[in-house]
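These notes are about the structure you will find just below.
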Amino acid sequence: MLTSKYKRVILKLSGEALAGQQGYGIDPVIVDSIARQIKEIRNTNLQVAVVVGGGNIWRGLSGSAKGMDRAAADYMGMLATVMNSLALQDALEQCDVDTRVQTAIEMRQIAEPYIRRRAVRHLEKNRVVIFAAGTGNPYFSTDTTAALRAAEIEADVILMAKKNTDGVYDSDPRLNPEAKKFKELAYIEVLKRGLGVMDSTATSLCMDNKIPIIVFSIDEPGNILKAALGEDIGTVVGG
């Protein structure tokens, strides 16, 4: 059996990662592939929690930019993350992986409310826990949710799975062929350069709590397992 150098991780998935090539909505084939990769890392006896974005369905900032009340737009985004979380839960359970969805906004008919001690207990029982509905507050991203939950459950690392990029670069590699990829970065460097690994609130929270971030591509099957095993992949942010 493969073993990881970590005990407990948070996997951060963008909503777009669930959309596949169509760019919006939920692609069941992609969700099934991600679920199978999560099963692989759970089978290493690693405790796994997941935070999923909602950008494949709705982006609060986009609604706000078009004149919508920001808080209302953000709450809609939180509901989008719940939809994605339920889709991932279903795919995981079809792979025989015990899964719980916990939401920051109470909705008892479909998920548990977020309770830190209960989440930790689920993880100790080898269940995958999916944290939905963000922090439950507008003006906070799912990146911040991942950082906050990682601190609360004492995760060893955040695995930041990205679409269309295999790490952190000094400029956009799609626009600049000479863009340099970083192998390692300090939190403060990310903040100073505005490199967009996470938003500044999330990065600061990771820095304050010394939670490393591994940024890697989700486009290549097997990368989630490689990152979880601590292999040399993507960019490591820490220190």
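Brief remarks follow.
- Residue under evaluation residue 219, criteria (1) assigned to a loop (DSSP other than H, G, I, E, B); (2) over 30 Å from residue 115 (Cβ atoms); (3) modelled with pLDDT of 95 or more, criterion not met: (3)
- Filter result (touching a residue at least 60 places away in the same chain (Cβ under 8 Å), assigned to a loop (DSSP other than H, G, I, E, B) and farther than 17 Å from residue 133 by Cβ) within segment 4-23: 4, 5, 6, 7
- Qualifying residue in segment 108-124 (condition: part of a helix (DSSP H, G or I), surrounded by fewer than 22 Cβ atoms within 10 Å (Cβ to Cβ), basic (Lys, Arg) and touching an Asp or Glu at 6+ places or on another chain (Cβ under 9 Å)): yes
- Selection count, segment 201-224, where residues are of a type outside the set (S, T, N, Q) and more than 20 Å from residue 20 (Cβ to Cβ): 11
- Segment 105-120 residues that are more than 20 Å from residue 87 (Cβ to Cβ) and without any contact (Cβ under 8 Å) to a residue 40 or more places away in the chain, paired with ones that are aliphatic (A, V, I, L, M) and part of a helix (DSSP H, G or I) (beta carbon under 9 Å, 6 or more apart): 116/153; 120/153
- Residue-level check: of (1) exposed (fewer than 14 other Cβ atoms within 10 Å of the Cβ); (2) closer than 20 Å to residue 37 by Cβ; (3) touching a residue at least 60 places away in the same chain (Cβ under 8 Å), residue 128 misses just (1).
- Any chance residue 153 is at pLDDT below 95, touching a Lys or Arg at 6+ places or on another chain (Cβ under 8 Å), under 20 Å from residue 49 (Cβ atoms) and aliphatic (A, V, I, L, M): no
- Criterion (within 23 Å of residue 214 (Cβ to Cβ), touching a residue at least 60 places away in the same chain (Cβ under 8 Å) and either touching a Phe, Trp or Tyr at 6+ places or on another chain (Cβ under 6 Å) or not hydrophobic (A, V, I, L, M, F, W, C) (or both)) met by exactly one of 53, 60: 53
- Condition met for residue 80 (under 16 Å from residue 136 (Cα atoms), small (Gly, Ala, Ser), part of a helix (DSSP H, G or I) and touching a residue at least 60 places away in the same chain (Cβ under 8 Å)): yes
- Qualifying positions in segment 127-182 - in a loop (DSSP other than H, G, I, E, B), hydroxyl-bearing (Ser, Thr, Tyr) and touching a strand residue (DSSP E or B) at 6+ places or on another chain (Cβ under 7 Å): 165
- Of residues in segment 58-95 being polar (S, T, N, Q) and over 17 Å from residue 112 (Cβ atoms), the one surrounded by the most Cβ atoms within 10 Å (Cβ to Cβ): 64
- Of the residues making up segment 81-109, not one is in contact with a helix residue (DSSP H, G or I) (Cβ under 7 Å, 6 or more places away or on another chain) and modelled with pLDDT under 95.
- Candidate set from segment 204-226 (those that are in contact with a strand residue (DSSP E or B) (Cβ under 8 Å, 6 or more places away or on another chain) and touching a residue at least 60 places away in the same chain (Cβ under 8 Å)); member that is farthest from residue 14 (Cα to Cα): 211
- Residue in segment 198-215 that is at pLDDT 95 or above, part of a strand (DSSP E or B) and under 24 Å from residue 104 (Cβ atoms) present: yes
The values are calculated or read from the model by the stated rules, or taken from the named source; none is laboratory data. This structure is a prediction, so every number in the text was calculated from the model and none was measured. Cβ atoms come from the backbone with ideal geometry, glycine included; neighbour counts cover every protein chain shown.
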